[in-house]
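All remarks here apply to the structure that follows.
All of the numbers you see were taken from the coordinates with simple rules; none came from a lab. A quick note: this is a predicted structure, and the numbers were derived from the prediction, not measured. Quick reminder, even Gly has a Cβ in these numbers, built from the backbone with ideal geometry, and neighbours come from all protein chains shown.
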Amino acid sequence: MPTAILEPTTNHRQLVPAQASVLVVDDEEQNRTLLKDPLEARGFEVAEARNGAEALQAIAERLPDVILLDLMMPGMDGFEVCRRLKKNSRTAHIPVLLITALSERKERLMGIEAGANDFLHKPVDMQDLLLRVANAAHAKALFDQLQAEREKSDNLLLNILPKAIALRMKEGEVTIADKYPEANVLVADLAGFTNLATHIPPEQLVFLLNEIFSAFDILLEKHGLEKIKTIGDAYMAVAGVPISRPDHVLAIAALALEMTTALEEFNNQYETSLRVRIGISTGPVVAGVIGRKKFSYDLWGDTVNIACRLESHAQPGNILVDEPTFKLLQSSYRFASPANLALKGRGEMITYRLEGRL
């Protein structure tokens, strides 16, 4: 029989996180009640399980903050339940307090080996119970808070880096620089935005630009491509980096056409007359992460320079591509007749205006 309840001198309510839940696992109803009543009186939410299998089912349905687990139960004993919980990544972090009438060193070592976080001995001292459960719940709350902060940090990293690159950084890779033999670089610029910026308040300017680029981001995600950066009212994206795919050139062409359509819809909604100029180039690029505190995933190489030159020579509303891009797309897309353009730093180059799908 447990000892009589002692009135604790510590304010356990200060240690109990809001809505902390405890699962009491014992095959004896009287034992469960003796544990449950003082815990509920101290603000814990208590659930019960009569055996190991029932406990595992209850935990699968809802994760508790602390588990009070009787060691000696028919069928599956507390050691086995504890081992199963600690092998499962979903439940391994939950504090398990083994309750045992055994005091031998061997049983304690077996409990530690199974993954138990703490022990309570029968008969259970209620002050000891409340202190240990409160401490375990507090530790679980700190763990959950740490996990939430880690997830927030991971999400922030994913906002500025491709997922594959962010994972490499998390694994400890310091210098990330890769060469890709064939990528498709898209550079877009908003014609008329600079003039618009001189006639509207800053808040409205940023709002409109965010609406446009957010629409582009949605299209980018739809086609599984990577946004590299924005500079002013320019937007850069890439296909085939950091993960290659057989249809990346088709995806970048579809994106370019849908960007022009998205801007037309924007103009109708906000009564503006913006047009987008787009340049697409195909070829090798180097991609990598630069920066120490503020990271940036960027591209370098002649392919990037050509895409920028094509964008600057495109007429508002047009999409210009180079010859390698044209050759990859000509069986699926319509183009205007080729035109020779004198590109800065490149000389004469054959270019093609993308008009739509075949």
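Less than 5 angstrom separates the built amide H of Leu120 from those of Leu98, Ile99, Thr100, all sequence-distant by 5 or more or on a different chain. DSSP bridge analysis restricted to the chain gives an antiparallel fraction near 65%, rounded to the nearest 5.
Taking amide hydrogens as placed 1.01 Å from N in the peptide plane, the amide H of Val276 sits under 5 Å from those of Ala191, Gly317, each at least 5 positions away in sequence or on another chain.
For the stretch 189-328, averaging the sequence separation of C-alpha pairs within contact (under 8 Å, six or more residues apart) and dividing by the residue count gives a relative contact order of 23 percent.
Taking the dipole about the Cα centre of the stretch 121-201, with the C-beta of Lys and Arg at +1 and of Asp and Glu at -1, give me whichever of Leu158, Ala139, Leu190 is farthest to the positive side. So the residue we want is Ala139. Relative contact order of the chain: 13 percent, from C-alpha pairs under 8 Å at least 6 residues apart in sequence.
When you count the other C-beta atoms within 10 angstrom of each residue and take the mean per peptide, 139-149, 237-247 line up highest first as 237-247, 139-149. Across Asn210, Asn88, Asn117, mean-square fluctuation computed from a Gaussian network of the chain (C-alpha pairs under 10 Å connected) peaks at Asn88.
The stretch 217-266 and the stretch 306-339 have their alpha-carbon centroids 15 Å apart. Derived scalar couplings between HN and Hα for the stretch 292-300 equal 10, 9, 10, 7, 9, 9, 9, 10, 9 Hz in order, rounded to whole Hz, by the Karplus curve 6.51 cos²θ - 1.76 cosθ + 1.60 (θ = phi - 60°), x for Gly and Pro.
Considering only Phe207, Phe119, Phe266, the mean-square fluctuation computed in a Gaussian network model of the chain, springs between alpha carbons under 10 angstrom, is largest for Phe207.
Ranking Phe326, Ile306, Pro338 by how far each Cα lies toward the positive end of the dipole of the stretch 277-358 (charges on Cβ) leaves Ile306 at the top. What helices in the chain pass both tests, a Cα length along the helix axis of 15 Å or more and a mean Kyte hydropathy of -1.0 or higher, using whole DSSP H runs? Result, helices passing both filters: 126-160, 202-223, 248-270, 302-313. Rounded to the nearest 500, the 222 nm mean residue ellipticity of the chain from helices alone is -14000 deg cm²/dmol, with -39,500 (n - 2.57) taken per DSSP H run of at least 4 residues. Run the reach check for Lys294 against lysines, Cα to Cα strictly under 26 Å, same-chain hits fewer than 8 apart removed. What comes back? Result set, ordered by chain and number: Lys152, Lys163, Lys170, Lys179, Lys227, Lys229.
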